[in-house]
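The values are calculated or read from the model by the stated rules, or taken from the named source; none is laboratory data. The structure displayed is predicted, hence computed values, not measured ones. Positions of Cβ are generated from backbone atoms using ideal geometry, with glycine treated the same way; all protein chains shown enter the neighbour counts. Only protein heavy atoms, including side chains, enter the accessible area calculation; ligands, DNA and RNA are left aside. Shrake-Rupley method; radii C 1.70, N 1.55, O 1.52, S 1.80 Å.
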Amino acid sequence: MLQTPRKPGPKRPILIVLHQESSSPGRVGQILQQMGYDLDIRRPVMDEPLPTSLDGHAGAVIFGGPMSANDDHDYVKREIDWLSVPLSENRPFLGICLGAQMLVRQLGGEVGPHIDGLTEIGWYALEPTEEGRELMAWPSMVYQFHREGFTIPSGATLLATGEHYENQAFRYGDNAWGIQFHGELTLAMMHRWVVHGAHRFELPGAQIGRAHLDGRLLHDAALRQWMMGFLDRVFHEN
């Protein structure tokens with residue numbers, strides 16, 4: 001399918017979909033703004049509508065959240081159904097954690113917990129596939145905060161893998177991308193997650209709070225650099 005022709009003049013905004021009143025696009029939002037994009041922030045959980053077309057946007061990002069892509073909430077179903085818009089229009093889309101799992105559901109894949117009940121909460125190793133390495137260099141460690149993973153939908157290409165949750169990043173077609181891990185956290189966001197998510201650190205496979213902050217000192221610079229290059233690849237409007 002042909003991509004919608006780009007409009008001349010200033011860059012169109014990026015649609016940002018968040019799942020809590022206090023949520024922020026964090027570093028991803030900062031990088032996109034540095035790239036010259038305005039942010040159109042919507043929260044369907046607060047009954048804010050999503051556009052019926054992305055003709056007025058340069059693309060979209062759906063972020064993570066504490067809910068599941070399998071939840072029966074109306075807004076979760078609406079978001080999954082809405083993903084037919086960027087897919088049918090062949091517009092740039094990035095799903096992060098929950099956003100990636102919603103994309104998987106839209107494409108007919110499955111989302112669910114680890115067979116042994118393991119979580120990934122903290123810093124974990126990432127290994128690009130051959131297809132992933134052909135696209136770009138990847139960070140060796142990434143930040144995770146999830147209890148569910150996903151299958152790779154039919155027709156999608158696996159780009160990166162992990163030890164506990166094999167499927168960590170994928171691409172579908174030319175413009176749809178999903179990543180399980182988080183590259184958007186600022187230091188302030190990580191502090192909030194460590195405080196408010198402390199009850200999850202006792203789950204199987206999770207790391208203690210200090211390891212989250214210590215790992216940031218070691219691994220975040222490389223993750224930030226990768227995120228800049230990745231967003232430049234996903235959102236390429238002139």
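Taking the stated definitions as given, is LEU185 touching a Lys or Arg at 6+ places or on another chain (Cβ under 9 Å) and buried (at least 22 other Cβ atoms within 10 Å of the Cβ)? So LEU185 passes the test. Confirm whether ALA137 is touching a residue at least 12 places away in the same chain (Cβ under 8 Å), open to solvent by 20 Å² or more (accessible area, probe 1.4 Å) and small (Gly, Ala, Ser). So ALA137 passes the test. Can you tell me which of ARG27, ARG105, ARG42 is touching a strand residue (DSSP E or B) at 6+ places or on another chain (Cβ under 7 Å), under 25 Å from THR119 (Cα atoms), open to solvent by 10 Å² or more (accessible area, probe 1.4 Å) and charged (D, E, K, R)? One residue alone meets the criteria, ARG105.
If you go through the range 80-98 and keep only what is within 27 Å of GLY197 (Cβ to Cβ) and either open to solvent by 10 Å² or more (accessible area, probe 1.4 Å) or touching a His at 6+ places or on another chain (Cβ under 9 Å) (or both), you end up with ILE80, ILE96, CYS97, LEU98.
Within the range 15-22, identify whether any single residue is surrounded by fewer than 16 Cβ atoms within 10 Å (Cβ to Cβ) and not hydroxyl-bearing (Ser, Thr, Tyr), and answer yes or no. Reasoning before the result, please.
Filtering the range 15-22 down to residues surrounded by fewer than 16 Cβ atoms within 10 Å (Cβ to Cβ) leaves 20-22.
Checking the rest, the ones that are also not hydroxyl-bearing (Ser, Thr, Tyr) come to 20-21.
Looking through the range 15-22, at least one residue is surrounded by fewer than 16 Cβ atoms within 10 Å (Cβ to Cβ) and not hydroxyl-bearing (Ser, Thr, Tyr).
Scanning the range 197-238 for residues that are among the charged types (D, E, K, R) and either over 21 Å from the mean Cα position of the chain (by Cα) or open to solvent by 60 Å² or more (accessible area, probe 1.4 Å) (or both) yields GLU202, ARG210, ASP214, ARG224, ASP232, ARG233.
So which of GLY178, GLY149 is closer than 22 Å to PRO86 by Cα and crowded, with 21+ Cβ neighbours inside 10 Å?
Details: GLY149 fails: closer than 22 Å to PRO86 by Cα.
Selected residue: GLY178, the only one of GLY178, GLY149 that is closer than 22 Å to PRO86 by Cα and crowded, with 21+ Cβ neighbours inside 10 Å.
Out of all the residues in the range 38-66, which are among the hydroxyl-bearing types (Ser, Thr, Tyr) and in contact with an Asp or Glu (Cβ under 8 Å, 6 or more places away or on another chain)? Correct list: SER53 only.
Among the residues of the range 209-238, which ones are of a type in the set (A, V, I, L, M) and either closer than 14 Å to VAL28 by Cβ or free of Cβ contacts under 8 Å to residues at least 60 places away in the same chain (or both)? Break it down stepwise before answering.
Of the residues in the range 209-238, the ones of a type in the set (A, V, I, L, M) are 211, 213, 217-218, 221-223, 227-228, 231, 234.
Those that are of a type in the set (A, V, I, L, M) and either closer than 14 Å to VAL28 by Cβ or free of Cβ contacts under 8 Å to residues at least 60 places away in the same chain (or both): LEU213, LEU217, ALA221, LEU223, MET227, MET228, LEU231, VAL234.
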